[in-house]
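Quick notes on the structure that follows.
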Amino acid sequence: MNVACAVLAAGASARLGKPKQLLPFNGSSTLVHWAAQCACSSCCSRVAVVVGARSEEVTHSVRGLPVEILDGFDWREGMAASIRTAALWAIDRGADALMLCVCDQPFLTARHLNALWFASANGKRLAASHYAGKTAVPAIFPQRYFGALLALRGDEGGSGILRREPNVARVAWPEGAVDVDTPADLLSL
């Protein structure tokens, strides 16, 4: 199965006050570089990074990785705009499924993404990460969910789809509860 992965990195990081995508992480890389590198090292057939705010700097940050850069021109609308951009890209590339990742989960690994890939039966089944009592991204949406992803609006992410579906393959990932949204989150790292 052809499972494409999109790393969502278009937001302005308003709560943090600076672009979290570009925060130094894991030596000399940035958070977005780390997420894209994990995706590139996974079983996914292709990887894209959705950019918006600070698009030139984010693009520069992932230079050298085998990723496609997707211009999330409606990024100010919220998460849904980035997801729609990713879903349209997946459709255009003939993907059988779309894995969505965010760039602010510093404990992301290719191993976890591969666990999702296997849990999804190689993209045939809805699969998501499970942490802090919720089912969330990273997650894999088979092609039959692309219409639902395209219907999202505003700050709505894929979690609503995941909550509505009773047969989501959940992959435990306690580390997913750690993300970088506020200055306090950054200090706790």
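For the pair S29 and F73, a Förster radius of 25 Å applied to the C-beta separation gives a FRET efficiency near 0.45, rounded to the nearest 0.05. Counting only DSSP H runs of at least 4 residues, each contributing -39500 (n - 2.57), and dividing by the residue count of the chain, the helix-based mean residue ellipticity at 222 nm comes to -8500 deg cm²/dmol. If you look at the Cα atoms of the chain, you get an Rg and a Dmax of 14.8, 41 Å. In this simple spin-label approximation, K124 and F107 carry label points 7 Å from Cα along the Cα→Cβ vector, and these lie 3.2 nm apart. Rounded to the nearest 5, the antiparallel percentage of DSSP beta bridges internal to the chain is 35%. A full extension of the chain between A172 and N2 corresponds to an added length of 58.8 nm, given 0.36 nm per residue minus the alpha carbon distance. If R0 equals 22 Å, the separation of the Cβ atoms of D92 and D155 corresponds to a calculated FRET efficiency of about 0.35. What cysteines in the chain have no other cysteine with a beta carbon less than 4.7 Å from their beta carbon? So far as the 4.7 Å Cβ criterion goes, C38, C40, C43, C101, C103 stand without a partner in the chain. Listed by Cβ neighbour count within 10 Å, with the fewest neighbours leading, I140, I91 appear as I91, I140. For the chain, the longest principal axis of the C-alpha atoms and the axis of helix 110-119 are separated by about 20°.
Each value in this text was obtained by applying a stated rule to the coordinates, not by laboratory testing. Note that this is a predicted model, so its numbers are computed, not measured. Here the Cβ is made from the backbone with ideal geometry for all residues, glycine too, and neighbour counts use every protein chain on show.
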